Structure formats: C-alpha cells, structure tokens
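The values are calculated or read from the model by the stated rules, or taken from the named source; none is laboratory data. Remember, predicted model here, so these are calculated numbers, not experimental data. Neighbour counts run over all protein chains shown; Cβ positions are idealised from the backbone, glycine included. We work out accessible area using only protein heavy atoms, side chains counted, and drop any ligands, DNA or RNA first. Shrake-Rupley method; radii C 1.70, N 1.55, O 1.52, S 1.80 Å.
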Amino acid sequence: ALRACFNFLSLNLVMVVVSVPVVTLPIALDAGMVALDSWIEGNEERVVREFFRAMRAGPRLRTTAAIGAPLVAGALGADEVHYFARGGSPMAWICLGLGVAGLVAAIMGGSVVLALWARRPTMSLPELWSLAIGLGLRRLLLAGPLLLAEVGGAALVGLADPALVLVGLPLGALLLVRSTARLGLRRAVVSPRRLASDRRPLLPALPSASAGGEEGG
C-alpha cells in the first residue's frame, strides 16, 4: 500500500510539472494514461520511468494535435458556459444550452481520444477523431454525465484548494476518466486493422468465423 501511494503521488507530481507550460498538457496526459495502463494492467511499478519513456517514444507533434483538439474545444465550451451562465434573454439560454452540449461532447470525445491514443499512437488523426466521435455518441447518455461530473468536480475542487493538485487530484481525475472512457469499448465494432496496437491491444482479439466453424465441426 505504501509503494502504491508513493507511485501515485510521484506520477501525479511529474504529470503536473510537465503540464506547467500548458502547451505540453496533451503530452503529459498521454504519458500519464500510458503509465496508468502499464501500472494497472501490466503491474509495472516504475511508473515515473514509464511516464518519461512514453514521452520520449510518442510522436509529440501528433500527440499534441490529437489530444489538444478536444482540449481546445472543451476550453471554448467552458468559456461559453461561463459567459452565458447568468442567463437572461432567451437567446442567452439557448447559447448556454449549446455551450453545455459542446462541453459535454468535447469531454466525451477527449476521454475516448485519450484511451485510444494511449494504445495506438500511430493512428491517423482523421481515423482517431472519427472513431472517438462514433464511440462517444453511442455512449453519450451513459458516460457523458459521469465524465462531466468527474472533470467538473475535479476542476472545482482544484480551484477551491489548489494544494490538492500536488497531492493527487489531477491523476485521480485522469484515473476516473480512464475508467469511464473504457465503458463499452469492448463492445465497440472496429475493423481488424484498428485492432492492431502499437503499445497494447485496446480490445481482446476475437476468434474468426472460420475458426469457430472448424471448432464446431
């Protein structure tokens, strides 16, 4: 338990430090997600080493573009929600509703992008975003409110007490987002080419129809 707490705090700290320039936030989130995957699924205890390994090995410009796009969309949605939060005229309420919808869609799509990109960092960006949008729309009613509560709750808690950022709040939020984003991914219908992974398989390999027929015979 003590080692797990040390790993958690260490990984959170390096992720926060790397995120300080802001433009490196997508790279930090990706490396944090990869380190979490290795820790949880591969029992890799050297999480900080895995974090920096993922940073060095990953395509930095493409990672920034892949994860940065939903981050920018989410920031714009949050700004619109904040601007129209007081309501007033009917048009203001309409804009507020559109802002909330855009914010939820950005958080939903961004979470799926994080989960997919941590597994297959060489996907083409159009393919990544297309797959993320499709999966996000299919699971919007289930995972959307959860993700909004997780991300929004973490942001509010961090604003109320910034010291919590250094003791695990960002990594805790990323861990919750990781768990929520993976809901339903095992039931996703993807092509065999998309199952090929550059880091780890996102979905378990399924037996082919011909193999099933041979076994039945």
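Suppose R0 equals 41 Å. What FRET efficiency, 1/(1 + (r/R0)^6) with r the Cβ-Cβ distance, do LEU140 and LEU2 give to the nearest 0.05? Could you put the intermediate results ahead of the total?
On the way: r = 40 Å, r/R0 = 0.97.
Step by step, r from the Cβ atoms, then E = 0.55.
Hand me the trypsin sites (Lys or Arg not before Pro) from segment 1-91 located in a DSSP loop with no more than 16 other Cβ atoms within 10 Å, in residue order please.
Those satisfying the criteria are ARG46, ARG86.
What is the percent carbon and sulfur in the accessible area of segment 127-171, measuring with a 1.4 Å probe over the protein chains and ignoring ligands? Could the numbers behind the result be given before it?
Values: 2040 of 2500 Å².
On segment 127-171, the fraction of accessible area on carbon and sulfur atoms equals 82 percent.
In units of 2.2 N^0.38 Å, what is the alpha-carbon radius of gyration of segment 1-70?
The value comes to 1.08.
In segment 1-91, what percent of the accessible surface is made up of carbon and sulfur (1.4 Å probe, ligands and nucleic acids excluded)?
69
Quick one: accessible area per residue over segment 1-88, 1.4 Å probe, rounded to a whole number of Å²?
56
What number comes out for the charge environment of SER111, summing +1 per Lys or Arg and -1 per Asp or Glu over other residues with Cβ under 11 Å away?
+2
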